[in-house]
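Enquirer: Handing you this structure, nothing more for now.
The values are calculated or read from the model by the stated rules, or taken from the named source; none is laboratory data. Quick caveat, the model's predicted, so the values are computed rather than measured. Every residue, glycine as well, gets a Cβ built from its backbone with ideal geometry; the counts of neighbours run over all protein chains shown.
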Amino acid sequence: MLNFILGGAGCGKSYLMMQKINQFINNGNEVIFIVPEQFSFETDKKLYNFLGSKNFNKILSVSFTSLAKEIFEKFGSRSGEYAEDIHKFILMNKAIKELEINKSLQYFNKQSRKINFIGDALKIVTEFRQCGILSEEFMRFVDSANNKYNEKIYDLALIYYTYDNMLKENHLKDSLTDISEAAAIANLNDFFDGRIVFIDEFESFTGDEYEMIDTIISQSKDVFTALRLENIGENQYGVFDSVEKTWKSFYQIAKKYNIKIVTENLKNTVKYKNDDLAYLNKNIFRNFNGKQQYSENISIIECRDLYEEADYISSQIKELVMNQNYLFSDIAILSRQLNEYTYILEAAFRKYNIPYFMDIKKSAYHTVIMQLVINAVNILCEARPDTETILKYIKTQLNDITIKEISEIENYCFEWDIRGEQWFSPFTAEIEKKSGVENTRKKVMEPIINLRNKCKGADCKKICKSIYEFLYETKVPIRVSELCGKLNDMGLTYQAKEQKRIWDMLMSVLNAISEIGGAMTMSEFHHLFTAVIKQITYSIPPQTLDGVHVAGAETARLDSPKAVFVLGVNEGYFPMASHKSGLLNEKDRMKFEMSGLRLSRNTDELISDEKLIVYKTLTYASDKLFISYPLSDNTGSSRYPASVLTQIRNMFKNEILSSASDKDIVFYSSTPQAAYYNYIQNFSRSDSKIESLRTVLKDYPYYTAKIDYLKKVSSQKEFHIEDANLIKRIYTDSLNISATGIEEFNLCHFKFFCNSGLKLKVRRKRQIGSLEQGNLIHQCLECVLSSCKNKEEFDKLSRNQISKIIEKCADDYFESNMGGVIKRNARLESNLKRIKENIFKIISHLQNELKQSEFRPINFEFNINEKGIANLTGDNGIEIVIRGVIDRVDIYESNGEKYIRVIDYKTGKKIFSMSSLLYGINLQMLLYMFTITGSGGAYSDCNPAGVLYMPSGEIVCGRDRDESDNMEEYLNKHYKMNGVVLNDRAVLNAMEKDIQGIYIPAKLLKGDTGDGELLLNKRSSSCLTSSQFKKLRQHTEKIIIDVCNELYSGNIDADPLVIFGGSPCDYCDYWSVCGNVPCEKYREADKNAEEKMLKIISD
């Protein structure tokens, strides 16, 4: 007899079944109870509690899979070991490869070459097996169809048949065929004869399960099945549509064997403690009349995004546990897209100190053990291995490389742009300073190179053996053992066991590929090995008895939790938009069905399944239901509430929708960590609730220290070092400072301190950027000019001579500063060629300029204070040593007087500004000139003639070139020097004949007579008198002494100077640590700074 027990959720179907089971056992009947695999543990627990140990031991509680094993144990089964998922993947790869070689595939000829095709093929084979379609029968069916089926179906039949044969050749069998085989064996041996069979917690069945059900119904004394189903015959396209189809299948089997059918309909819900939840159960996805009066136990919450949703759920859980006597295990969280929420929920649960069990499978692919081997194999296959791959391999820390060595080699690779085959040769760039980096490279690459040599031309067996030996040679097992030991010492016992489990998985993969992989290239091995590892997943068991249960709505099997939170109830996700993916489309499936081959569920059935998932999810809770949805996803894209929410809201008179943002901040502060987070997020607020959080956090020293520090930083007090001895320990009793350092200090004290005091440096690549280009130009100009004994010799240099000097100098610079051969590539060579051409233009311009000038170069790359002699003394007694290097020093002698001008080559844009001198900016060249012409300077017998900045950047002919300009005039415009020069007719004439403003920032008016006081064009001239230069020297010395006084008084404040319309914060390397972002506190340059500066040097 077939007995149906029907009813909606919470009607007591399972309870009634257990009562009947107890009665049959007491009457001496043999009982089999079949439930889904996921339900086995919970069902056994409930049965044990209900029946007691004596009766529980009299029943056989199984899933279909374990039932098949019971039948095999009693009657035997076909020989062979079961193929694990790894074996299946490898053999499917082998089968497809064989078909490719034989050119047997037509439709999937190209697609089959992709490694992802293996997984797709295995999925369709799984579907065939579960539907009871055998490979031989399928092949015969397709062959006998007289071209009725297309190439796609024929290819699939061929793949299935070849794969099945390979399983047999390797003496392996597929567990997916167990249920069908067991059904046949049970049928032959009357296994179910006289037994009572109960089937519970199923909504649908696969083809092979129906084969077993057919045998059960035909043989058993009685069959009882419980189905979540109401109102038979009225469910088309409704919530129970898919379950009614299951009922029909049972009904038809019973009719086939003329078996009596008895139906028991359960109408009343028994599990719900509140009327509103029972009302929801009875009306969701159905037509309903009228409204329930009120709902106090169903809440719909609108959230800004997934993060606010996770915070709301965590806070509400804490509220239930702390104030309403819930256990964490009374609570479940369900979502239809759990993968989106996994890491967000984990972070929220840590913040709110919530124990949980997340019912998901974890991928082995990203674990350190697997990543070490995957990246090692990746390196083997590449002629030019990616540096990122090698660093990933090193950073697993399962090899004999320390963290310090990892950091050093990573910085070296970043600086020198190490890539490809460079890893297989010794590192040479600046290796005398960084010999440890080369030792690390050897430690990393030598075992890899040895492994590569062993694997050349080898088959899978040899490759796997070589990898195994490589792991032991590099002491990986020892490192894994040490890691497990550390985890055990930290009390992380499960994590330690997990590492051992992953190691065993790796050994299983190598063993499986070794046994059945066969011959393949190293590249093919790499793709197969990586793909196999990606397939491996493992479950994480619960780590606590009292924990929140988090699960996917589609796979959840819950035992009436008191409170349920449903996440991500958005349109298109709840219910999930149904679509069938894989190698067969809907049209293909219809063809199969028309031919009598029933595959798995079609699109209509999937839509019905989704409705049922929504129904089950919303009806699990016995006490409280919380439904939430975000308005945006992780990328910021908009999402909309699911339409089912409108139906739920319309069921009740009161408004059950609220916003998570409307909740009080105290609600989100149920743990110290959460309270601290919210306090920081609202740090600028000053109200009673924020103060209450601060008061609570005072009881926790860890958070008190953080809050005190933040208050100190946010108060915008000046950064100040109180301990004078500490300043002297950093900068010593003698301030050794460059002109650039003085400018940096005046722009921002804190930036100067980070750079020169703390020596915090940003990593920079060695590449032809503006800095390296400038250094290269400097060196080439020095080489060319210093190669000549005098100006006349320089004037006579030919184009060929200049080119040779530039070529040699550039190569020498590249070799010594840019890594030499290690950095050579076509792009770099192109850049170098362009820079050399630019240098040639500069030198040609210099020849023209020096031909007409009476100044002659006498020094290049001149160190202004090589001996480190103190130039000044601060008010605090600190000696100040000015250091720096001048690009070029020129001299002019007339009537026993000597004049010095200082020239600096600038690849970037540099405009001399008198206003900036007021604040100690743009002092560099003036400071150099005053230092070398001052007391004790190298040219103390000379007079300052000026400082000049010569543009040396690349010329791009553009719109600024006038049609009337020839190339020489255009170059003169580009290379015209700016700066400030001495207002003296003889000196200016010595710099530029006739003072026409072609080369220097001085130009005579047409009315100038050539004698007496100079008549200069003010717009084109920047000149100071000898007296003004003297006062400018005094001003410069005062600036330097002020810097010394402020620095040694401890002033390192983040108080930047805003000048020239920009902020030094815009490109600062230290903005993330100064606490002044955005630039709220700053000093602003006076609009009348130039007038004030001129007044200072003119008084």
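Enquirer: If I filter region 46-62 for residues that are under 50 Å from the mean Cα position of the chain (by Cα), surrounded by fewer than 17 Cβ atoms within 10 Å (Cβ to Cβ), under 17 Å from residue 208 (Cβ atoms) and in contact (Cβ under 8 Å) with a residue 24 or more places away in the chain, do I get at least one hit?
Expert: no
Enquirer: Give the residue that is modelled with the highest pLDDT, with candidates limited to residues of region 891-920 that are surrounded by fewer than 21 Cβ atoms within 10 Å (Cβ to Cβ), assigned to a strand (DSSP E or B) and of a type in the set (Lys, Arg).
Expert: Of everything passing the filter in region 891-920, 898 is modelled with the highest pLDDT.
Enquirer: Within region 928-937, take every residue that is under 14 Å from residue 867 (Cα atoms) and at pLDDT below 90 and give me the one that is surrounded by the fewest Cβ atoms within 10 Å (Cβ to Cβ).
Expert: Checked region 928-937; the qualifying residue surrounded by the fewest Cβ atoms within 10 Å (Cβ to Cβ) is 936.
Enquirer: Same structure again: Quick check on my filter: what residues within region 338-356 are in a helix (DSSP H, G or I) and among the β-branched types (Val, Ile, Thr)?
Expert: Scanning region 338-356 gives 342, 344.
Enquirer: Okay, moving on. Residue check: is residue 445 in a helix (DSSP H, G or I) and within 22 Å of residue 394 (Cβ to Cβ)?
Expert: yes
Enquirer: Only one of these is within 49 Å of the chain's Cα centre (by Cα), of a type in the set (Asp, Glu) and more than 30 Å from residue 228 (Cα to Cα): 37, 70, 100, 42. Name it.
Expert: Among 37, 70, 100, 42, only 100 is within 49 Å of the chain's Cα centre (by Cα), of a type in the set (Asp, Glu) and more than 30 Å from residue 228 (Cα to Cα).
Enquirer: Let me ask another. Could you give me the residue pairs with C-beta distances under 9 Å whose first residue belongs to region 153-167 and is touching a residue at least 24 places away in the same chain (Cβ under 8 Å), whose second residue is of a type in the set (Ser, Thr, Tyr) and not in a helix (DSSP H, G or I) wherever it lies, and which are 6+ apart or on separate chains?
Expert: 153/107; 154/107; 155/104; 155/107; 156/107; 158/104; 162/104
Enquirer: Confirm whether residue 796 is within 22 Å of residue 887 (Cα to Cα) and more than 32 Å from the chain's Cα centre (by Cα).
Expert: So residue 796 fails the test.
Enquirer: Okay, next question. How many residues are under 15 Å from residue 619 (Cβ atoms) and of a type in the set (Asp, Glu) when one looks only at region 247-291?
Expert: Looking only at that region, the number is 2.
Enquirer: Across region 538-554, which residue is nearest to the chain's Cα centre (by Cα) among those that are modelled with pLDDT of 90 or more and of a type outside the set (A, V, I, L, M)?
Expert: 552
Enquirer: Then there's this: List pairs: first in region 342-369 and farther than 15 Å from residue 538 by Cα and at pLDDT 90 or above, second charged (D, E, K, R) and assigned to a loop (DSSP other than H, G, I, E, B), Cβ under 9 Å, 6+ apart or cross-chain?
Expert: Sorted first by the residue in region 342-369, then by its partner, the pairs are 355/546.
Enquirer: Please go through region 510-547 and pick out each residue that is β-branched (Val, Ile, Thr) and touching a Pro at 6+ places or on another chain (Cβ under 7 Å).
Expert: 544
Enquirer: May I pose another question? Scanning for something among the hydroxyl-bearing types (Ser, Thr, Tyr), closer than 30 Å to residue 674 by Cβ and part of a helix (DSSP H, G or I), does region 316-337 turn up at least one residue?
Expert: yes
Enquirer: Across region 988-1000, what is the total count of residues that are crowded, with 21+ Cβ neighbours inside 10 Å and not hydrophobic (A, V, I, L, M, F, W, C)?
Expert: Count: 2.
Enquirer: Further question: Take residue 42 and tell me if it is of a type in the set (Asp, Glu), free of Cβ contacts under 8 Å to residues at least 40 places away in the same chain and over 26 Å from residue 257 (Cα atoms).
Expert: Against the criterion (of a type in the set (Asp, Glu), free of Cβ contacts under 8 Å to residues at least 40 places away in the same chain and over 26 Å from residue 257 (Cα atoms)), residue 42 does not qualify.
Enquirer: Write out, first by first residue and then by second, each pair whose Cβ atoms fall under 6 Å of each other, whose residues are 6+ apart or on separate chains, and whose first residue, in region 850-863, is touching a residue at least 24 places away in the same chain (Cβ under 8 Å) while the second is in a strand (DSSP E or B) and surrounded by fewer than 20 Cβ atoms within 10 Å (Cβ to Cβ).
Expert: Qualifying pairs under 6 Å: 858/891; 861/885.
Enquirer: May I pose another question? I'd like to know if region 607-623 contains one or more residues that are loosely packed, with under 14 Cβ neighbours inside 10 Å, touching a residue at least 24 places away in the same chain (Cβ under 8 Å) and on the phi < 0 side of the Ramachandran plot.
Expert: Taking every residue of region 607-623 in turn, none turns out to be loosely packed, with under 14 Cβ neighbours inside 10 Å, touching a residue at least 24 places away in the same chain (Cβ under 8 Å) and on the phi < 0 side of the Ramachandran plot.
Enquirer: Considering (1) touching a residue at least 60 places away in the same chain (Cβ under 8 Å); (2) within 18 Å of residue 137 (Cβ to Cβ); (3) assigned by TED's automatic domain parsing to the domain that holds residue 44, say which one residue 202 fails and leave the rest.
Expert: (2)
Enquirer: For region 681-760, which fully contained helices (runs of 4 or more DSSP H) count at least 1 residues that are among the aliphatic types (A, V, I, L, M) and more than 34 Å from the chain's Cα centre (by Cα)?
Expert: In region 681-760, the matching helices (runs of 4 or more DSSP H) lie at 688-697, 724-731, 739-747.
Enquirer: Now a separate question. Scan region 1030-1038 and tell me whether some residue there is assigned to a helix (DSSP H, G or I), surrounded by 18 or more Cβ atoms within 10 Å (Cβ to Cβ) and among the β-branched types (Val, Ile, Thr).
Expert: Checked region 1030-1038: at least one residue is assigned to a helix (DSSP H, G or I), surrounded by 18 or more Cβ atoms within 10 Å (Cβ to Cβ) and among the β-branched types (Val, Ile, Thr).
Enquirer: Go through the residues of region 357-367 one by one and say whether even a single one is β-branched (Val, Ile, Thr), surrounded by 14 or more Cβ atoms within 10 Å (Cβ to Cβ), in contact with a strand residue (DSSP E or B) (Cβ under 9 Å, 6 or more places away or on another chain) and part of a loop (DSSP other than H, G, I, E, B).
Expert: Scanning region 357-367 turns up at least one residue that is β-branched (Val, Ile, Thr), surrounded by 14 or more Cβ atoms within 10 Å (Cβ to Cβ), in contact with a strand residue (DSSP E or B) (Cβ under 9 Å, 6 or more places away or on another chain) and part of a loop (DSSP other than H, G, I, E, B).
Enquirer: Here is a further query. Specify which of the listed residues (926, 846) is of a type in the set (A, V, I, L, M), closer than 15 Å to residue 948 by Cβ and either part of a strand (DSSP E or B) or not assigned by TED's automatic domain parsing to the domain that holds residue 1041 (or both).
Expert: One residue alone meets the criteria, 846.
Enquirer: Do we have any residue at all in region 792-799 that's surrounded by fewer than 16 Cβ atoms within 10 Å (Cβ to Cβ) and of a type in the set (S, T, N, Q)?
Expert: yes
Enquirer: Here are some residues: 792, 829. Which one is free of Cβ contacts under 8 Å to residues at least 12 places away in the same chain and closer than 28 Å to residue 945 by Cα?
Expert: None of the others qualify; the one that does is 792.
Here is a yes/no grid of residues against (1) more than 22 Å from residue 334 (Cα to Cα); (2) in contact (Cβ under 8 Å) with a residue 60 or more places away in the chain; (3) assigned to a loop (DSSP other than H, G, I, E, B); (4) not assigned by TED's automatic domain parsing to the domain that holds residue 681:
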residue: 254; (1), (2), (3), (4): yes, yes, no, yes
residue: 258; (1), (2), (3), (4): yes, no, yes, yes
residue: 262; (1), (2), (3), (4): yes, yes, no, yes
residue: 281; (1), (2), (3), (4): no, yes, no, yes
residue: 300; (1), (2), (3), (4): no, yes, no, yes
residue: 308; (1), (2), (3), (4): no, yes, no, yes
residue: 313; (1), (2), (3), (4): no, yes, no, yes
